[in-house]
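All remarks here apply to the structure that follows.
The values are calculated or read from the model by the stated rules, or taken from the named source; none is laboratory data. Model, not experiment: these values are computed from the prediction. When we count neighbours, we look across all protein chains shown, and the Cβ atoms used for this are built from the backbone with ideal geometry, even at glycine. These accessible areas exclude ligands, DNA and RNA; they are computed on the full protein's heavy atoms, side chains included. Shrake-Rupley method; radii C 1.70, N 1.55, O 1.52, S 1.80 Å.
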Amino acid sequence: MDEAVKATWDGLKALPKPALKDLFAADGGRVARLSVKLDLPGGGILFDWSKTHLDAAHLDGFLRLAEAVGFAERREALFAGDIVNPSEGRAAEHTAQRGMGKEESVGEAAALHARMHMLTAAIHQGALGEVRHLIHIGIGGSALGPALAVDALVRANDNGGRALVDVHIVSNIDGCALEAAFAACDPAATLIAVASKTFTTTETMTNAASALAWLRENGVSDPYGRVVALTAAPEKAVEWGVDETRILPFAESVGGRYSLWSSIGFPIALALGWPDFAEFLDGAAAMDAHFRDTDGLDNLPLRAAFADQYYTRLRGCQTRAVFAYDERLRLLPDYLQQLEMESNGKSVTAGGKPLGGPSAPITWGGVGTDAQHAVFQLLHQGTNLVPVDFIAAIASGDSLDPAHHRTLLANCFAQGAALMAGRADADGARAYPGDRPSATILLDELNPATLGALIAFHEHRTFANAVLIGINPFDQFGVELGKEIARQIAKGEAAFDASTEALLAAAGIS
Ligand code: F6P
């Protein structure tokens, strides 16, 4: 680690760590400074980081760290389309999909979006015959984003809260997943989207082949004619049998877990209509502009990363939890798990040196209020310190008695207050230690633009965290070894440890 960077970390580690109640008592302006509302295309989003332990000294120390690690230069490199993924020699141009980045890449993304728009419009107009269902086959970044966005936004769709085309996202190689989608779809009115950046992923290609067989077995004479390919490897899709007119390519420089803005977002556009997809991109672009153009503490993803580093590196927290107090965002924790853990779960720096400290915490979470009745016991009284993010929307997504939404929000805010305040009791079993941190992200309303901004906020927060600890967030070699061993098992060509051999024998696979 660079000497200046090490000295800054050492300085941060040596700072006193006042309790939250003392921070509030000492500073009447704390909420005004650490709770900030951004006005964005779809409405405001309030980012309240006042219930974290960030104080003036830590903020100052982290700002010095950002300077020492060259945060501004790294950010510029990201938006310039420079190589920011050195291990694979690639740029990371997801922002170009939103119109923010290198001119050439923005132009290419716009042209590919126009192609995607044309195909979705043609499908809506019946060019491919009757299409009532879409089975979207992909995994990881080729599934989690579309699943989140469609699930989150469909209720507010102009089409009376119903998708224009009913979408089933299938990722698992477990045939039960695909069979569940088959059971819900009429083969004569079903389109299959094969979503894979590489067009080689075993799960996706196996599921795609089975989907074709299902169409064929159910009387569809030209199953390939019902396939749309979403990929950065169009030549592989052609080789596999998809007609070029139904291939929606995207750039190689868009990482899998950052790809829902590209043609991987096809189910979003097909289910919700192009205007919603365009608003989704616009919301993300507004967050891009905030992240790119705001310096210092006012930069909200960077500020959130400061708090993340405070808990991971200075307080030893091994996990962070995200609770969406909004049923529409129930898939957000799953999405963030891949974004954060696949990006920053590394042991070496971008330069290949040992990291010398913890990398990403484990991201986990759930939906409020359900989680309160399941896992919050540990948050309030357990021995782990878990920084929590609460995410909620002021406008309700339902049309029932407003008591539902009022109670939902009251519970969300109550949990943050309780975690921080705690309560003394002579009986240890009934005592709450308190001083437990949380951040709250409060949307005016959940719509395509605010969802886009919320996801882009997390992308930039993840990037900022990576820069602060010197990680390359854009590769994921850690997923390869297991895939390789699975291939060896499939071929029956290698010998493994005694436990694995015994398991294979027990399952009759060896
Ligand atoms: O195995 C991990 C991974 O490469 C993810 O990064 C990616 O999102 C997922 O697999 C799917 O990859 P593809 O889109 O190439 O099928």
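With viscosity 1.306 mPa s and temperature 10 °C, the Kirkwood radius over alpha carbon pairs of the range 131-210 converts through Stokes-Einstein to a diffusion coefficient of 123 µm²/s. In this structure Trp364 has an accessible area near 60 Å², from a 1.4 Å probe over the protein heavy atoms.
Applying the Karplus relation 6.51 cos²θ - 1.76 cosθ + 1.60 with θ = phi - 60° to the range 87-94 yields 3J(HN,Hα) values of 5, 10, x, 10, 7, 10, 9, 5 Hz, where x marks Gly and Pro. The string of couplings for the range 224-233 from the Karplus curve (6.51, -1.76, 1.60, θ = phi - 60°) is 4, x, 9, 10, 10, 10, 10, 6, 9, 10 Hz, one whole number per residue in order, with x for Gly and Pro. A Förster radius of 35 Å, combined with the Cβ-Cβ distance separating Val375 from His117, puts the computed FRET efficiency at roughly 0.25. Amide H contacts of Leu40: Ile45, each under 5 Å away and 5 or more positions distant or on a separate chain (H built 1.01 Å from N in the peptide plane; Pro and chain starts excluded).
What length, rounded to one decimal in nm, is gained on full extension from Thr500 through to Cys176, with 0.36 nm per residue of separation minus their alpha-carbon distance?
Gain in length upon complete extension: 114.2 nm.
Here the chain is treated with +1 on each Lys and Arg Cβ and -1 on each Asp and Glu Cβ, and its dipole about the Cα centre works out to around 960 debye. Between 0 and 90 degrees, the angle of helix 3-14 with respect to the longest Cα principal axis of the chain falls at about 60 degrees.
Against the chain, whose longest principal axis comes from its Cα atoms, helix 448-469 is set at around 60 degrees. Taking all protein chains as shown and a probe of 1.4 angstrom, Ser499 keeps an accessible surface of around 70 Å². Summarising the label geometry, the points placed 7 Å from Cα in the beta-carbon direction at Glu217 and Gln125 lie 3.7 nm from one another. Taking a Cβ cut-off of under 12 Å around Gly89, the surrounding Lys, Arg, Asp and Glu residues balance to a net charge of -3, with basic ones at +1 and acidic ones at -1. Around Ser35, with a cut-off of 10 angstrom between Cβ atoms, what is the net charge of the other residues, counting Lys and Arg +1 and Asp and Glu -1? So the surrounding residues net to +3. Summary of the geometry: the range 413-439 and the range 272-333, compared by the centres of their Cα atoms, lie 26 Å apart. Here Lys197 is the anchor, and the lysines within straight C-alpha reach of less than 30 Å, apart from those fewer than 8 places off in the same chain, are Lys102, Lys236, Lys346, Lys353, Lys483, Lys491. Heavy-atom accessible area for Tyr335, with the other protein chains in place and a 1.4 Å probe, reaches approximately 10 Å².
How would you rank 84-96, 14-26, highest first, on the average number of other Cβ atoms within 10 Å across their residues?
In decreasing order of mean packing, 84-96, 14-26 become 84-96, 14-26.
Computed over neighbours whose Cβ is under 11 Å from that of Asp276, the net charge equals -3, Lys and Arg +1, Asp and Glu -1. When only alpha carbons are used to place a centre, the range 29-74 and the range 450-471 end up 13 Å from one another. Rounded if a/c is under 1.5, else prolate if a/b is larger than b/c, else oblate: which is the range 1-128, with a ≥ b ≥ c the root eigenvalues of its Cα gyration tensor? Oblate.
3J(HN,Hα) along the range 160-171, derived from phi through the Karplus expression 6.51 cos²θ - 1.76 cosθ + 1.60 where θ = phi - 60°, amounts to x, x, 10, 5, 5, 9, 7, 9, 10, 9, 10, 10 Hz, with x in place of Gly and Pro. Computed extension gain for Val479 through Glu252, at 0.36 nm per residue and net of the alpha carbon distance, reaches 79.8 nm. Using a probe of 1.4 angstrom and keeping all protein chains present, the accessible surface of the range 166-208 works out to 38 square angstrom per residue.
In nm, what is the difference between 0.36 nm times the number of residues separating Arg132 and Ala57 and their Cα-Cα distance?
Roughly 21.3 nm would be gained on extension.
Amide H to amide H distances under 5 Å link Arg90 with Val84, Asn85, where only residues 5 or more positions off or on other chains count and H is placed in the peptide plane. With only the Cα atoms considered, the range 189-246 has a convex hull volume of 69 Å³ per residue.
Calculate the all-directions average of the projected area of the chain's alpha-carbon convex hull, and give it in nm². All intermediate terms of the calculation are to be shown ahead of the outcome.
Numbers: hull surface 106.4 nm².
That works out to 26.6 nm².
Distance from the Cα centre of the range 99-164 to that of the range 202-220, in angstrom? For the range 99-164 versus the range 202-220, the Cα centre distance is 21 Å. Close amide H partners of Ala393, meaning residues 5 or more places away or on another chain with modelled amide H under 5 Å apart, are Leu443.
Helix 71-80 and the long axis of the chain differ in direction by around 20°, with both axes built from C-alpha atoms. Modelled spin labels at Lys491 and Ala77, positioned 7 Å past Cα toward Cβ, are 3.6 nm from each other. Of the solvent-accessible surface of the range 314-437, computed with a 1.4 Å probe and all protein chains present, 55% belongs to carbon and sulfur.
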